[in-house]
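**Student:** Here you go, one structure.
What follows draws every value from the coordinates through simple rules; no lab data is involved. All figures in this text were calculated on a predicted structure; none of them were measured in a lab. Note that we place each Cβ from the backbone using ideal geometry, even for glycine, and neighbour counts take in every protein chain shown.
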Amino acid sequence: MGTVPVEPKTMYELTVRGDFAAAHRLRDYDGSCENLHGHNWRVEVHLAGEKLDKLGILVDFRDVKKALGVALDEWDHKYINDIPPFDSLNPTTENLSRHLYGRLAAAMPDGVRVTRVVLWESDGCSGAYVPGESS
């Protein structure tokens, strides 16, 4: 007799996008990005969870968009190097995406995890923060 296959956990995933325009410069970088320059950034926030509410919703898109908007408003049309923690932390795409992850993860309801934050500097260049198992 064979063993009964184990059903994988049910998982629901959502993606919410946002954008902002901001300037920055990379400290100690050997190249043109050391100079002040700007981007029209695009952000993708990926969320996951196992349970839906009584309406069949993992988390309301409006709530995620609101949390993302609050976080992005701090950077929109600003010089990121002047805004903590980027007044001392290099404002790389990687560091920005990790910071956004922390802000958004703290704003999500129980049972909803931020699984990835992707930050696009341009159409061909993006960076992402993907938390590890202990995050």
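**Student:** Name the residue, out of L47, L72, L55, whose mean-square fluctuation peaks in a Gaussian network model built on the chain with Cα pairs under 10 Å.
**Tutor:** L55
**Student:** Roughly how many nanometres apart are two label points built 7 Å out from the Cα toward the Cβ at K66 and D110?
**Tutor:** In this crude spin-label approximation the distance works out to 2.0 nm.
**Student:** Return the distance in nm (one decimal) between the two label points of a simple spin-label model at S122 and D28, each offset 7 Å from Cα along Cα→Cβ.
**Tutor:** The answer from the label model is 2.5 nm.
**Student:** Excluding same-chain pairs closer than 8 in sequence, count the lysine pairs in segment 7-127 whose Cα atoms lie under 27 Å apart.
**Tutor:** Taking segment 7-127 as the scope, the lysine pair count is 9.
**Student:** Something else about it: Cα centroid distance between segment 100-120 and segment 36-71, in Å?
**Tutor:** 7
**Student:** Next question, about the same structure. Would you list I80, I57 from fewest to most Cβ contacts within 10 Å?
**Tutor:** I57, I80
**Student:** Starting from the 7 Å offset along Cα-to-Cβ, what nm value, one decimal, do you get for the label separation of Y79 and E94?
**Tutor:** So the two model labels end up 2.6 nm from each other.
**Student:** Counting pairs of alpha carbon atoms under 8 Å apart in space and at least six apart in sequence, what relative contact order in percent does segment 12-129 give?
**Tutor:** The value is 32 percent.
**Student:** Which residue, Y29, Y101, Y79, tops the fluctuation ranking in a GNM of the chain built on C-alpha contacts under 10 Å?
**Tutor:** Between Y29, Y101, Y79, it is Y29 that shows the largest mean-square fluctuation.
**Student:** Now for a different question. Working from the pairwise distances between different alpha carbons, so that the mean of 1/r is found and then inverted, what is segment 24-69's Kirkwood radius in Å?
**Tutor:** Hydrodynamic radius (Kirkwood, Cα pairs) of segment 24-69 is 14.2 Å.
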